1. Pick out, from G24, I13, S46, the residue whose Cα sits farthest towards the positive end of the charge dipole of the range 2-64, with +1 on the Cβ of Lys and Arg and -1 on the Cβ of Asp and Glu.
2. Using the 2.2 N^0.38 Å rule of thumb for compact globular proteins, work out how the range 2-64 stacks up: its C-alpha Rg over that value, please.
3. Using a 10 Å cut-off around each Cβ, can you sort F111, F219, F193 from fewest to most neighbouring Cβ atoms?
4. Taking 0.36 nm per residue of sequence separation and subtracting the Cα-Cα distance, how much length would be gained by fully extending the chain between E65 and E268, in nm to one decimal?
5. Hey, rough spin-label estimate for R86 and N38, points 7 angstrom out along Cα→Cβ, what's it come to in nanometres?
6. Please give, to one decimal in nm, the separation of the simple spin-label points placed at I139 and V278, each 7 Å out from Cα toward the Cβ.
Amino acid sequence: MEGFQTCPICLEIPEDNIYQCSAGHIICNLCIPKVPANLCPQCRISFGLSKIRSRVLEEILDPIEYPCKFKSLGCEQLLKRWQIKRHAEACFHNPNLTPLCEKMGYQNCNFMLGSASRAQIISHFGTVHNCPLKLKPRILEVPGKLLMEQFRLRNKQRVPGGASVPTETPCLSYNILYSLITPDEMGPLFLIFVKVNRITDSLSLLCIRVWHPEFHGSFRYRAKLQLLRSTPQSTRIVVNEDGSQAQLNNVINPFPLTWELMVYNVKEVIPLLNASLVNISISLLEQSRFGDKARDRLLIKISLA
Ligand SMILES: [Zn+2]
Ligand SMILES: [Zn+2]
Ligand SMILES: [Zn+2]
Ligand SMILES: [Zn+2]
């Protein structure tokens, strides 16, 4: 019985119509158009112009429930033959898929990375998470004003591009997606992920490579981040209570000004999403009025490690 359940070509349980040659060898609807010269791969008899359905086998297989292919990895789902493939593409136990959105705090987003194409990832983050692709920025510039506005909104449930995260992780109260960036048209995709930790009042950034071309698999990247003030040398005059004037250095640079991060791939980043690799004090940014000047900005440069 076992042998009759799978297509002899793709070795899968046929999900749709099943065909057979006149000698009774079966083949699935996906494989039959691909056989050379329309010959049965087992006996070399032609399938003929009017292909013969194997309705008996279809009906035998219809009620059978098959285990998910990732059963050994913990999936307990039982599936009818037409559900097997669709389930595997979204199965949480599929090692090629990663529920990054969910892990980042988008609890209702089932989008899986791993089998998603570059275009699907761009479309998903752009439309669902308001995080459009920034093409060709070898250096990504985030205006300080925008950065600070996001933090001022941090007590609200959600900002555009942001997500509230599960209450079970209260310190990870807030996530902001800045950008999906890529160095060139078909290049790898990087996602800049900003977390706001409400308890420590700090923010932390992660840079994630969410997609890469086939041959890029072993490439390592690093991200250099810099908080830049627009007028590092400027001073301002303040009038003291007694009427005297004092020159005040206008620039209190928040710490750290420059730091480097590894760029993680999706598999590596899941356990790191709850960690804070670099903490920048939001209060310190606020005290130093980071973002007040038009040219205050955060620069993110991604390069090969
Ligand atoms: Zn097949
Ligand atoms: Zn045959
Ligand atoms: Zn499964
Ligand atoms: Zn998503």
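1. S46
2. Working: Rg = 10.7 Å, N = 63, 2.2 N^0.38 = 10.6 Å.
Normalised by 2.2 N^0.38 Å, the Cα Rg of the range 2-64 equals 1.01.
3. Numbers: F111 19, F219 14, F193 24.
Neighbour counts put them in this order, fewest first: F219, F111, F193.
4. Values: separation 203, 0.36 × 203 = 73.08 nm, distance 3.45 nm.
In short, 69.6 nm is gained.
5. Calculated label separation equals 3.1 nm.
6. Taking the simple label geometry, I139 and V278 are separated by 1.5 nm.
Values quoted throughout were computed directly from the atomic coordinates according to the rules given, and no laboratory measurement underlies them. Remember, predicted model here, so these are calculated numbers, not experimental data. Counting neighbours? That spans all protein chains shown, and the Cβs are built from the backbone with ideal geometry, glycine included.
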